[in-house]
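Laboratory data are not the source of any read-out in this text; all were calculated from the coordinates shown. Note that this is a predicted model, so its numbers are computed, not measured. Cβ placement follows ideal geometry from the backbone for every residue including glycine, while neighbour counts extend to all protein chains displayed.
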Amino acid sequence: MKLPGLLMLFIILITMSCTNMAENTDKREKPNIILINIDDLGWRDVGFMGSEYYETPNLDALAADGMIFTEAYASAANCAPSRACMMSGQWTPRHGIYTVDTSERGKSKDRKLIPTKNNTIIPENNYLLPQAMHDAGYVTCHAGKWHLNDDPTTKGFDVNIGGCHTGSPGSYYPPYTKVPIEAPADDYYLTNLIMDKTIDFVSSVNNKPFFLYYSPYAVHTPIQPVKELLPKYETKAEWNGQKNAKYATMVENMDTQIGRLIETLKKEGKFENTFILFISDNGGLFRVTKQWPLRAGKGAYYEGGIREPMFAFWKGKIEGGTKNETPITNLDFYPTILEVAGISKPVGKILDGKSMLPVMTSNGGMNERPLFWHFPIYLQSYSSKSYHENQDSLFRTRPGSAIRLGDWKLIQYFENNDLELYNIKEDIGEKVNKAKGNPEKLNELLEILENWRKEVNAPVPTELNPDFEG
């Protein structure tokens with residue numbers, strides 16, 4: 001008489017066990033996500049984008065096993081606004097960070113307009129990507145440069161490794177100054193130490209899904225070589241304008257540290273279930289490295305200032321050995337990461353980017369769309385006597401906006417309403433301004449750009465500077 005009851009109890013226990021196993025499997029199989037954002041690394045400063053001078057074997061191998069995006073863009077041409085856009089998923093006018101520190105850069109006598117005032121801290125009410133990941137149950141870690149407020153743990157990170165409001169270390173050798181991290185030895189290179197602690201984090205999370213934002217201060221100035229690597233590059237032949245041996249050691253060391261991270265993931269069985277995005281925050285510094293055939297470098301809204309080396313990796317989900325020419329922006333990372341993690345878009349949050357996951361997994365594509373840049377500010381050149389491939393030798397950026405749509409790119413400068421129109425496919429180096437010969441395309445892009453500025457309430461400076469000498 002007791003058999004049916006015992007049988008029923010046995011069935012219930014088996015069902016509960018299977019349910020618990022399913023729940024644990026779901027938790028275990030939620031993908032880890034790593035966002036790697038290198039500082040001032042140029043489009044051609046890595047092997048997988050063609051450099052024959054800089055050596056990046058670990059990144060090259062990872063990129064070769066994933067999808068390389070050849071037309072990937074930062075949403076701004078220098079670090080603070082680019083990072084604010086990526087973390088917020090929003091164009092610069094929505095958060096108001098246009099540059100580092102003041103927008104009144106360069107000599108006042110050279111500035112025709114009073115530039116728009118600049119935010120230096122991300123607005124408190126802007127719900128950032130790490131907050132969304134944290135609130136969805138991910139263990140979150142920031143490692144390296146933050147630059148958006150004083151403390152990244154106030155914006156969704158459980159762990160902070162060396163992040164604060166500073167944009168660069170005082171030195172890569174102890175004492176680092178400006179970076180809140182203590183050196184374990186007198187000659188310990190900062191990038192190595194940040195990776196030491198990053199690996200400690202990855203090893204500590206066990207089977208919990210984690211979100212890691214790895215953004216070492218490298219390869220930003222100061223250009224301080226990794227001493228043991230210097231002799232190799234001092235005797236290496238120049239390639240395509242790239243010949244800075246000290247900078248090359250920093251690039252290789254950056255790659256070596258990422259190799260250590262990948263090796264840890266493999267050793268601990270986490271590599272297969274980890275989604276990785278790699279990009280730089282803006283173009284390479286022109287006086288340090290060249291991105292030819294791209295024009296100019298960091299701070300400019302020519303391609304050398306905003307086009308970035310970028311790839312995505314996810315074993316078994318993204319086909320290895322693939323390249324994609326879809327124009328994408330780091331604004332797309334927020335919605336992409338949410339979709340990868342299975343997280344719904346935050347209620348009321350404006351996201352200006354689109355998920356790249358359909359493109360990455362070959363389950364769809366992206367409709368053609370305009371990409372925008374808005375910079376109502378001045379950004380001085382480092383030397384008025386040197387050639388920077390910019391509009392002029394005094395500024396890397398003068399107030400203006402830019403748009404890319406399809407093969408065409410328009411730059412509008414506000415001081416004198418100068419217009420530059422380029423066919424990027426035909427003229428990747430932006431050498432031939434086609435504004436006068438293509439009035440229909442010019443007016444089409446200008447109308448889209450002006451409508452966008454109205455939509456996002458983008459400020460356009462018009463007040464004349466009384467100090468301007470012309």
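Structure notes:
- Separation between Cα centres of region 246-268 and region 330-390, rounded to whole Å: 25 Å
- In degrees, nearest ten, helix 190-204 long axis to first principal axis of the chain (Cα): 30 degrees
- Sorted by Cβ density within 10 Å, fewest first, the residues Cys164, Cys85: Cys164, Cys85
- Set of lysines with alpha-carbon distance to Lys232 below 26 Å, sequence-local pairs under 8 removed: Lys243, Lys246, Lys290
- A protection proxy built from the mean count of other Cβ atoms within 10 Å ranks the segments 300-307, 195-202, 116-123, most packed first, as 300-307, 195-202, 116-123.
- Modelled label positions at Thr102 and Tyr382, each set 7 Å beyond Cα in the direction of Cβ, lie 2.2 nm from each other.
- Helix 439-455 vs. the chain, principal-axis angle (Cα, 0 to 90°, nearest 10): 60 degrees
- Cβ crowding within 10 Å, taken as a proxy for footprinting-reagent exposure, orders His220, His142 from fewest neighbours to most as His220, His142.
- Square roots of 5 times each gyration tensor eigenvalue, C-alpha, region 289-372, largest first, Å: 25, 18, 11
- Based on alpha carbons, the Rg and Dmax found for region 368-470 are 14.4, 43 Å.
- Less than 5 angstrom separates the built amide H of Glu308 from those of Ala72, Tyr73, Ala74, all sequence-distant by 5 or more or on a different chain.
- Amide proton proximity set for Lys236, modelled H, under 5 Å, gap of 5+: none
- Between the Cα long axis of helix 79-88 and the first principal axis of the chain there is an angle of about 40°, rounded to the nearest 10.
- Percentage of interatomic Cα-Cα distances in the chain larger than 36 Å: 29 percent
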